[in-house]
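Step one of this worksheet: look at the structure below.
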Amino acid sequence: MFRSKINLAAAFVVCLSVFLFSCSTVAAAPAYPKFVKIGTGFPGGIWYPASAVLASKLEAALKKAGINAPCSVQSTGGAFNVSAVHEGKEMVLTLTTAQNQYLAYKGMAPYEKPLTNLRLVGTQELMLAQLIVPEKSDIKDLSQLKDKKVNGGKLASTDRMMIEALLKAYGMSFNDIKAAGGEVMSLGWDDASTMMQDGHMDFIGTYGGLMPSIVNLIIQPGVKFLSIDDAHADKVLADPSMTGYVKATMQPNTYDKQNYPVKTIAIPTTIVCNADLPEDFVYIVTKTIYESGYYKDSFKATEARGWPKICNPQDLPKVANIPLHPGALKYLNEKGIKVK
């Protein structure tokens with residue numbers, strides 16, 4: 001009888017241990033987010049409308065899979081967005097660039113620590129740097145900006161990081177512009193464009209596809225696109241903080257009234273997520289990016305003007321300078337796309 005009680009007690013302990021282990025395993029499994037904020041760029045650029053459609057498409061795809069997670073966009077800029085995704089509280093997904101994701105993951109400036117909870121999910125478009133001045137301006141290259149009114153881009157935005165690196169290649173900084181009597185502003189594209197239309201802005205720099213704000217400026221007051229010669233482009237690309245950028249040429253007639261080639265630099269748009277998201281959730285995200293066609297309306301004109309294919313899964317391994325999320329890797333494996 002005594003032995004039987006011992007055996008029963010032992011069996012109970014074993015069963016309880018198995019039960020507790022199972023519960024702890026279930027509790028440790030990644031949870032689906034209850035709400036999905038997608039980080040994007042500011043109104044006036046091409047990311048904003050494309051991301052809004054992506055949010056709608058993703059919400060529908062998740063609902064079809066039995067996951068109720070309302071999706072929306074938040075336009076707070078590149079550096080802030082990747083930091084928020086690293087934290088993973090509400091914003092779990094964001095558009096960024098191959099450069100910005102690398103800097104964030106490695107903890108390079110402007111980031112104070114490595115954001116190692118980032119994972120690569122997808123790609124969108126190759127974005128050309130577009131540096132514009134009013135059509136009647138006598139500015140021919142960036143070296144002539146020292147005493148001008150310059151829009152440096154929103155604080156903590158990837159536009160601002162790019163412009164700072166370009167100025168550095170020309171031996172300049174925002175402080176130099178200010179010291180020479182110029183002005184450096186921190187405006188979004190729409191506000192900067194309005195100031196240029198009113199004659200109160202000498203230079204705007206951004207990158208992307210066909211930018212709605214630039215299209216408006218071509219109509220009034222008219223603009224010129226500045227080229228970056230090879231020597232200065234090489235300096236930019238040699239800067240470790242510009243990892244991911246490549247040389248590029250904006251072909252003639254990319255924009256109306258732009259009948260000349262523009263030598264520039266370019267960076268791929270990437271989409272990153274929080275590393276703790278479930279694999280099946282990120283698989284749905286990746287599939288939506290590449291198969292929903294969310295980008296078609298926003299990039300219709302861009303593709304028609306000769307831009308490389310938008311949302312091409314073949315591009316994803318090329319920009320994998322941070323780890324891929326297993327959900328994205330599963331999608332690539334299904335498509336027979338190898339990742340080195």
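Would you mind working out the accessible area per residue for the chain, using a 1.4 Å probe, and quoting it in Å²?
Numbers: 16020 Å² over 340 residues.
Accessible area per residue: 47 Å².
Along each principal axis of its Cα atoms, how long is the stretch 137-201 end to end? Whole angstroms, biggest number first, please.
Cα spread of the stretch 137-201 along its principal axes, largest to smallest: 29, 28, 20 Å.
So what's the net charge close to residue 72: Lys and Arg +1, Asp and Glu -1, counting the other residues with Cβ under 11 Å from its Cβ?
Result for the neighbourhood of residue 72: -1.
By its C-alpha gyration tensor, with a ≥ b ≥ c as the square roots of the eigenvalues, how is the stretch 78-169 shaped: rounded for a/c under 1.5, else prolate for a/b larger than b/c, else oblate?
Here the stretch 78-169 falls in the prolate category.
Hey, what's the Cα Rg ratio for the stretch 161-320 versus the globular rule of thumb, 2.2 N^0.38 Å? Each step should come with its number before you reach the end.
Values: Rg = 18.1 Å, N = 160, 2.2 N^0.38 = 15.1 Å.
Dividing the Cα Rg of the stretch 161-320 by 2.2 N^0.38 Å gives 1.20.
For the stretch 276-340, treating each Cα as an identical point scatterer without solvent, what Debye log10 I(q)/I(0) comes out at q = 0.13, 0.15 1/Å?
-0.40, -0.53
Quick one: order 246, 236 from most to least accessible surface, probe 1.4 Å.
If we order 246, 236 from most to least accessible, we get 246, 236.
Based only on Cα atoms, what mean projected area does the convex hull of the stretch 110-253 have, in nm²? Don't skip to the end; give the middle numbers.
Working: hull surface 38.2 nm².
That works out to 9.6 nm².
Which of the peptides 101-113, 41-53 is most tightly packed, and how do the rest follow, judged by the mean count of other Cβ atoms within 10 Å per residue?
Details: 101-113: 17.3, 41-53: 22.5.
So the order, starting with the most tightly packed, is 41-53, 101-113.
Take the Cβ-Cβ distance between residue 197 and residue 318 as r, set R0 to 25 Å, and report the resulting FRET efficiency rounded to the nearest 0.05.
Plugging the Cβ-Cβ distance into 1/(1 + (r/R0)^6) gives 0.10.
Report the Stokes-Einstein translational diffusion coefficient (µm² s⁻¹, integer) for the stretch 73-123, Rh taken as the Kirkwood radius over Cα pairs, at 4 °C with viscosity 1.567 mPa s.
My calculation gives 120 µm²/s for D.
Counting pairs of alpha carbon atoms under 8 Å apart in space and at least six apart in sequence, what relative contact order in percent does the stretch 132-227 give?
44
If you take the alpha carbon radius of gyration of the chain and divide it by 2.2 N^0.38 Å, what ratio comes out, to two decimals?
In units of the 2.2 N^0.38 Å rule of thumb, it is 1.19.
Hey, can you list the DSSP H helices of the chain whose Cα span along the axis is 18 Å or longer and whose average Kyte-Doolittle score is at least 1.0?
Result, helices passing both filters: 2-28.
How large is log10 I(q)/I(0) at q = 0.17, 0.30 Å⁻¹ when the Debye formula is applied to the Cα atoms of the stretch 41-91, each weighted equally and without solvent?
-0.59, -1.09
Sorted by mean Cβ packing within 10 Å, highest first, what order do the peptides 293-301, 126-134 take?
Ranking the peptides 293-301, 126-134 by packing returns 126-134, 293-301.
The values are calculated or read from the model by the stated rules, or taken from the named source; none is laboratory data. None of the values given here were measured: they were computed from a predicted structure. Here Cβ is always computed from backbone atoms with ideal geometry, including for glycine, and neighbour counts include all displayed protein chains. These accessible areas exclude ligands, DNA and RNA; they are computed on the full protein's heavy atoms, side chains included. Shrake-Rupley method; radii C 1.70, N 1.55, O 1.52, S 1.80 Å.
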